[in-house]
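What follows is a short report on a single structure.
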Amino acid sequence: MAKRNPGHIPEMQTAYHQVAAYADPDETTTPIVAADDYSWGVAPFNYRAQALDIPKARLSVSAGIGAVLSVAGLAGAASGLLAPEGIVIALIGVAFSLVGLASGGEDGVTGRGLAVFGLLFGIAGMVIAVVAFTHRFYWPNSDIDEVTALHNWIVAHWSWLGL
């Protein structure tokens, strides 16, 4: 009977492909299966030999920085009080995301999706910051501290929280 490859022990996988299956356990002269036939469906994997052949994908650093800055700019713009800082941070995030979008097309470099995410959030942050500057809506407004207003509302309505 042929031994099954356990599949989770790398040292054992290279040894199993040399085992042959025999029709009769007592008969050891006529193999049914050739020594290199992987009847269980999975060829053994030699981790040591093939580990160096796999190219590693690299994330575009500028796409990652652009996404982080764009989210920070959106959060700053959404607070209202930090809208001036939010628009500058979002603008820098959009610039980094554009560079990440361009570099994401190279071979071995990933991050185009992250760069698009950074572009969308950075543009949204700039739009919200402009809305805060123009005072067209109650929220967001660069003259009103929304965080303090939210805290006062929570204290007034949910006093059992003990804030």
Listed by chain and number, the residues whose amide H is under 5 Å from that of T110, excluding neighbours fewer than 5 places away on the same chain and using placed H, are R58, L59, S60
How compact is region 60-161 by the rule of thumb for globular proteins, expressed as Cα Rg over 2.2 N^0.38 Å?
1.30
Full extension from R58 to I154: what is 0.36 nm times the residue separation minus their Cα-Cα distance, to one decimal in nm?
30.0 nm
Taking H as built 1.01 Å from N, whose amide H comes closer than 5 Å to the amide H of S142, not counting residues under 5 places away?
H135
Between L161 and V88, what is the label-point separation in nm under the 7 Å Cα-to-beta-carbon projection?
3.1 nm
Pop out the ³J(HN,Hα) list for region 130-146 in order, Karplus 6.51 cos²θ - 1.76 cosθ + 1.60 with θ = phi - 60°, rounded to Hz; leave Gly and Pro as x.
5, 4, 5, 5, 7, 6, 6, 10, 5, 10, x, 9, 6, 9, 10, 7, 5
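Rule-based calculations on the coordinates, nothing more; no lab input. Here the structure is a predicted model, which is why all the values come from computation and not from measurement. Note that we place each Cβ from the backbone using ideal geometry, even for glycine, and neighbour counts take in every protein chain shown.
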